[in-house]
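Right, one structure below, let's go through it.
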Amino acid sequence: MSTNEHSEFIDSDTGKLGMWLFLFTELFLFGGLFIVYSVMRSKYADDFHHAALELNAFVGATNTVVLLVSSMTVAMSLTAIQQKRGGKAMGLLFITLLLAGVFMVNKYFEWGHKFGLHLYPGSDVMKSLPHGEIMFFGLYYMMTGLHALHVIIGGILLTIVILKIKSGKINSEHYLLQENGALYWHLVDLIWIFLFPLLYLIT
Amino acid sequence: MTNSSTSVPLNYLNHKTGLWSWLTSTDHKRIGLMYMYTIAIFFCVAAILGLLMRIEKLTPGQTIMTAQTYNGMFTIHGIIMIFIVVIPGLAAVFGNIFLPIMIGAKDVAFPKLNLFSWYVFITGALLGLYSQFANGNSPDTGWTFYVPYSAAASSNVVIALTAAFVLGFASILTGLNFIVTIHRMRAPGMTWFRMPLFPWSLYATAWIQLLATPIVGITLLMVIAERTLHIGFFDPSLGGDPVLYQHLFWIYSHPAVYVMILPAMGVVTEIFPTFSQKPVFGYVPIVFSSLAIALVGYFVWGHHMFTSGISYESRWFFSFLTFLVAIPSAIKVFNWLSTMYGGSVDLKPPLLFAISFIFLFTIGGFTGLTLGSLATNIQLHNTDFVVAHFHYIIFGGMGFAFFAAIHYWFPKIYGRMYNFKWANISWGFLFVGFNLLYFPLFVIGIQGMPRRYFDYDPKFQTGEVLSTIGAFILITGLILMISNLVYHSRRGAIAPANPWHGVTLEWQIPSPPPHENFDEIPVITHEPYRFDHPHTN
């Protein structure tokens with residue numbers, strides 16, 4: 001037994017422990033932005049109030065619902081694979097991806113609208129705003145941008161999961177990657193749950 | 001356990017050959033060696049930069065380079081030494097090679113991720129190198145990237161920031177891997193308190209890597225956004241706050257000091273029992289002092305900012321915590337000394353380096369308290385005193401522990417032995433050179449010589465010249481040491497499996513270790529460091 005490569009098998013608990021630790025680091029990554037947000041908010045409370053009115057709470061709420069539903073479908077796909085229903089699992093993951101697409105399209109129009117108003121970092125309109133509003137929009141772009149990046153990464157991860165279900169590498173016995181993908185997707189959802197009130201609701 | 005009777009037993013070094021077999025290997029020992037070679041090369045580059053800076057300071061005014069070149073050099077020296085050499089250093093090299101063996105595992109929990117981390121590390125290291133040479137315009141902000149200057153400086157700051165971000169990611173992945181490995185891969189019977197102390201120190205380190213590195217990651221991203229998109233989080237002219245940057249930077253970069261020093265403490269904690277042939281004194285206090293250092297070390301970052309205009313209350317608070325973190329460090333020093341007390345001390349090269357580690361680390365630690373006091377800090381902030389202090393900790397501490405570790409584990413890694421006499425002579429050069437290089441900086445620092453200055457008042461020249469002489473002696477020692485090790489890694493006498501009569505698991509397997517470490521996973525029945533065990537007799 002000592003002549004072959006190291007065992008490639010990672011048991012499920014080990015793999016999940018690693019994923020959870022990784023998710024903590026992701027939370028800390030966003031945590032840095034939350035610190036900056038709270039410092040700036042306490043420094044420029046009034047400006048944050050004015051700037052936040054610019055954001056459309058309806059679009060934000062729609063995206064919140066979209067992401068929450070996508071978290072549900074990804075969890076359902078996990079149950080499906082455990083019940084040996086690979087086709088259903090793939091279908092549910094596909095719906096998750098569609099919802100991620102809806103989220104990104106919404107985001108695209110939201111950002112596009114702001115760019116139309118010349119509200120982007122470095123623009124002359126932006127520079128003429130009070131300091132606190134510059135900070136708010138800076139944080140808005142940084143936080144939602146970094147979150148959108150995570151949506152894309154999560155989407156890629158779930159696409160890989162679909163392909164592996166198709167090829168049979170993920171099945172009712174071995175579905176660690178799907179579990180970890182689902183955990184990652186829940187993180188994407190969770191962070192949005194914090195971003196939504198901080199940026200859209202507290203005005 | 002070594003029952004192979006063939007003439008050339010297969011081991012992790014020769015079971016497969018060729019560069020490709022190394023670049024695609026998920027074997028923790030090979031990955032550890034790849035880290036070591038990379039880090040050694042970068043260390044030599046940054047050491048030469050350091051020597052050039054010392055030559056520049058032989059005379060006041062310009063000696064061999066322009067002021068701008070000097071600024072670039074101390075920046076790149078810092079970036080390479082901190083982010084590429086000392087932060088990954090011990091954990092990535094000796095942690096990778098010996099953590100799985102010492103806990104009785106065949107590999108880390110995620111071998112592929114381990115290899116991936118190395119590639120991430122290499123990418124970051126090459127980016128760092130590129131930032132030095134691209135457009136002939138090296139960054140000149142210092143390794144701390146303080147804003148607003150780093151947001152405005154017209155040099156390759158973005159590349160250097162990206163490099164630091166990428167290297168941080170590699171560090172996170174290694175930390176994650178080690179935590180899971182220690183939780184899940186220990187051999188049967190190896191309870192937490194039967195685990196050797198080097199793995200314990202890696203465990204404490206890994207948590208810091210995991211919890212602190214993301215903060216600097218996002219901070220560096222914000223500076224990148226500041227430079228490329230003009231967002232202005234830290235730019236006062238747009239409403240940003242430069243002191244906020246300092247907070248975020250030091251929330252990571254102070255714990256990073258403990259990422260460097262904790263494994264160093266772990267290494268010497270292995271060496272003292274072996275070369276005293278005596279159980280380590282105070283196993284449990286050492287474990288808890290490691291955890292305490294990791295915990296308290298997370299909350300002392302503000303002591304870098306006493307002169308940055310933070311409130312009196314926070315200065316008081318951070319100063320108090322800084323003094324507090326000295327307690328667990330001192331506990332360890334007493335443990336090491338007590339381990340040697342009454343033992344059969346064998347002054348071989350690894351122990352020589354380990355003892356000088358205590359000496360240098362203690363000087364570094366005490367001067368750290370001088371800097372942690374509010375009143376003296378005002379006088380000493382941003383002087384050469386600070387430079388001397390952190391080199392005593394980082395080079396005298398982590399660096400000498402690295403040298404101790406390589407001399408300790410060399411026969412296990414290569415299956416060959418280096419020349420003791422040669423090693424002792426190189427130790428002499430290193431120790432004398434180190435002290436001559438850095439001790440004068442304490443003196444001229446107190447007299448008021450600022451750090452990072454290209455030019456100086458002629459009254460500091462004696463100290464500066466002494467320091468430069470020290471640099472030459474130190475470099476001589478480095479050349480001697482490295483050539484001894486490199487030469488004997490291939491041509492040295494064949495080393496026995498357990499040349500030092502060590503009792504931890506790595507000494508119970510052949511040298512070099514077989515590819516799978518253990519033919520049979522050992523079952524652990526007692527605590528480590530028990531020297532009455534039959535095999536030592």
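Each value in this text was obtained by applying a stated rule to the coordinates, not by laboratory testing. These numbers come from a predicted model, not from an experiment. As a convention, Cβ positions derive from the backbone with ideal geometry for all residues, glycine included, and neighbour counts pool all protein chains shown.
Considering only Cα-Cα distances, which of the following residue pairs are longer than 21 Å: B:106/B:278; A:16/A:88; A:88/A:169; B:29/B:332; A:88/A:164; B:278/B:421? Walk me through the numbers on the way to the answer.
Numbers: B:106/B:278 28 Å; A:16/A:88 23 Å; A:88/A:169 16 Å; B:29/B:332 28 Å; A:88/A:164 14 Å; B:278/B:421 25 Å.
Exceeds cut-off: B:106/B:278; A:16/A:88; B:29/B:332; B:278/B:421.
Would you mind putting B:408-421, B:319-332 in packing order, based on average other-beta-carbon counts within 10 Å, highest first? Mind dumping the intermediate values first?
Working: B:408-421: 20.5, B:319-332: 18.1.
Packing order, densest peptide first, comes out as B:408-421, B:319-332.
Rg and Dmax of chain B over Cα atoms: what are they, in angstrom?
22.8, 74
Between the stretch B:126-146 and the stretch B:351-391, how many Å separate their Cα centres?
The two parts, judged by their Cα centres, are 27 Å apart.
Between residue B:291 and residue A:57, what is the FRET efficiency for a Förster distance of 51 Å, r being their Cβ-Cβ separation, to the nearest 0.05?
0.65
Using modelled amide H (1.01 Å from N, peptide plane; none on Pro or chain starts), what sits under 5 Å from the amide H of residue B:383, excluding residues fewer than 5 places away?
Amide H neighbours of residue B:383, under 5 Å, 5+ apart: B:451.
R0 = 45 Å: FRET efficiency of residue A:105 with residue B:20, Cβ-based, nearest 0.05? Before the final figure, lay out the partial values.
Numbers: r = 44 Å, r/R0 = 0.99.
For R0 = 45 Å, the calculated efficiency reads 0.50.
With the contact rule set at Cα under 8 Å and sequence spacing of 6 or more, what percent relative contact order holds for the stretch A:147-194? Provide the component values of the computation, followed by the final result.
Numbers: 23 pairs, mean separation 23.8, N = 48.
After rounding, I find 50 percent.
Per the helix-only calculation at 222 nm, which mean residue ellipticity applies to chain B, given -39500 (n - 2.57) for every DSSP H run of n ≥ 4 and division by its residues, nearest 500 deg cm²/dmol?
One gets -21500 deg cm²/dmol as the mean residue ellipticity at 222 nm.
When Cβ neighbours within 10 Å are restricted to other protein chains, what is their mean count per residue of peptide B:203-212? Working shown, then result.
Numbers: counts 0, 0, 0, 1, 1, 0, 1, 5, 6, 2.
Whole-number average of other-chain Cβ neighbours for B:203-212 is 2.
Give me the distance in nm between label points sitting 7 Å out from Cα along the Cα-to-Cβ direction at residue B:116 and residue A:98, one decimal.
Here the modelled spin labels are 3.0 nm apart.
Starting at 0 and stepping by 5 Å, how many percent of the alpha carbon pairs of the stretch A:55-201 end up in each bin?
2, 10, 19, 19, 14, 11, 9, 7, 5, 3, 2, 0
Quick one: if you stick a label point 7 Å off each Cα along the C-beta vector at residue B:446 and residue B:68, how many nm between them?
3.9
Write down, largest first, the equivalent ellipsoid semi-axes of the protein assembly as shown in whole Å, where each equals the square root of 5 times an eigenvalue of the alpha-carbon gyration tensor. Mind dumping the intermediate values first?
On the way: eigenvalues 372, 267, 95 Å².
Sorted largest first and rounded, they come to 43, 37, 22 Å.
Gap in Å between the Cα centre of the stretch B:239-276 and the Cα centre of the stretch B:74-101?
Cα centres, the stretch B:74-101 to the stretch B:239-276: 12 Å.
Would you work out the relative contact order for chain A, in percent, from Cα pairs under 8 angstrom that are 6 or more residues apart? Write down the numbers at each step before the final one.
Values: 177 pairs, mean separation 70.1, N = 203.
Computed over chain A, the figure is 35 percent.
Quick one: angle between helix A:57-82 and the longest Cα principal axis of chain A, in degrees between 0 and 90, rounded to 10, please.
Approximately 10 degrees, to the nearest 10.
Mind checking which lysines have their C-alpha under 30 Å from residue A:127, skipping anything on the same chain fewer than 8 residues away?
Correct list for residue A:127: A:43, A:107, A:114.
With no solvent and one equal point scatterer placed on each C-alpha of the stretch B:1-126, evaluate the Debye formula and give log10 I(q)/I(0) for q = 0.13 Å⁻¹, two decimals.
Debye intensities relative to I(0), on a log10 scale: -0.66.
Mind jotting down the distance between the C-alpha centroids of the stretch B:173-195 and the stretch B:443-460, whole Å?
Here the two parts' Cα centres lie 48 Å apart.
Starting from the Cα of residue B:126, step 7 Å along the direction of its Cβ; do the same at residue A:172; then give the gap between the two resulting points in nm.
Taking the two extended label points, one gets 4.6 nm.
Hey, what D do you get for the stretch B:245-386 in µm²/s if you plug the Kirkwood alpha-carbon radius into Stokes-Einstein at 10 °C and 1.306 mPa s?
Using the Kirkwood radius from Cα pairs, D works out to 98 µm²/s.
How far is helix B:157-184 tilted, in degrees, relative to the longest principal axis of the Cα atoms in chain B, given as a value from 0 to 90 rounded to the nearest 10?
30
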